[in-house]
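The values are calculated or read from the model by the stated rules, or taken from the named source; none is laboratory data. No experiment lies behind these values; they were computed from the predicted model shown. Ideal geometry is used to build each Cβ from the backbone, glycine not excepted, and the neighbour counts take in all protein chains shown. Note: accessible area is taken over every heavy atom of the protein model, side chains too, but ligands, DNA and RNA are not part of it. Shrake-Rupley method; radii C 1.70, N 1.55, O 1.52, S 1.80 Å.
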Amino acid sequence: MTTNNEGDSISRREAFSSLMKTTTAVAGGALLMTTASPPALADIYDDEAAERKRKQAEDSAKGQQLVPAVLFGGTLLSVPFFFPNLLRLGTKLISGGEDDGYGKDE
């Protein structure tokens with residue numbers, strides 16, 4: 001015979017039964033935690049994948065807005081460099097090719 005924490009004597013059968021109950025409770029809790037974990041992780045991964053796709057679509061929309069801005073901005077910024085050539089071309093087209101736009105040599 002052995003004694004428990006209160007000093008009462010208990011039999012081997014009671015001690016073994018108590019040990020088995022404790023072991024079963026711990027093993028059941030561990031089993032419950034391991035079986036509940038994968039669906040929770042799957043949900044987290046699904047949420048992260050949905051967030052990545054949403055961000056990718058948002059970045060794509062921003063990129064589609066950025067391309068025309070870069071094209072028109074680049075053209076507008078380069079106009080001062082070839083503006084005199086455009087003026088000469090306009091002069092030549094208006095005169096029907098008689099005036100080349102460089103001025104008149106007299």
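The residue pairs whose first member lies in the stretch 87-98 and is in contact (Cβ under 8 Å) with a residue 12 or more places away in the chain, whose second member is open to solvent by less than 90 Å² (accessible area, probe 1.4 Å) and small (Gly, Ala, Ser), and whose beta carbons are closer than 9 Å, counting only pairs six or more residues apart or on different chains, are LEU87/GLY101; ARG88/GLY101; LEU89/GLY101.
Out of LEU71, LEU93, LEU77, LEU41, I need the residue that is at pLDDT below 90 and out of contact with any Lys or Arg (no Cβ under 6 Å at 6 or more places or on another chain). Which one?
On the way: LEU71 fails: at pLDDT below 90; LEU93 fails: at pLDDT below 90; LEU77 fails: at pLDDT below 90.
On inspection, the qualifying residue turns out to be LEU41.
Scanning the stretch 44-59 for residues that are open to solvent by less than 90 Å² (accessible area, probe 1.4 Å) and either modelled with pLDDT under 85 or in contact with an Asp or Glu (Cβ under 7 Å, 6 or more places away or on another chain) (or both) turns up just one, ILE44.
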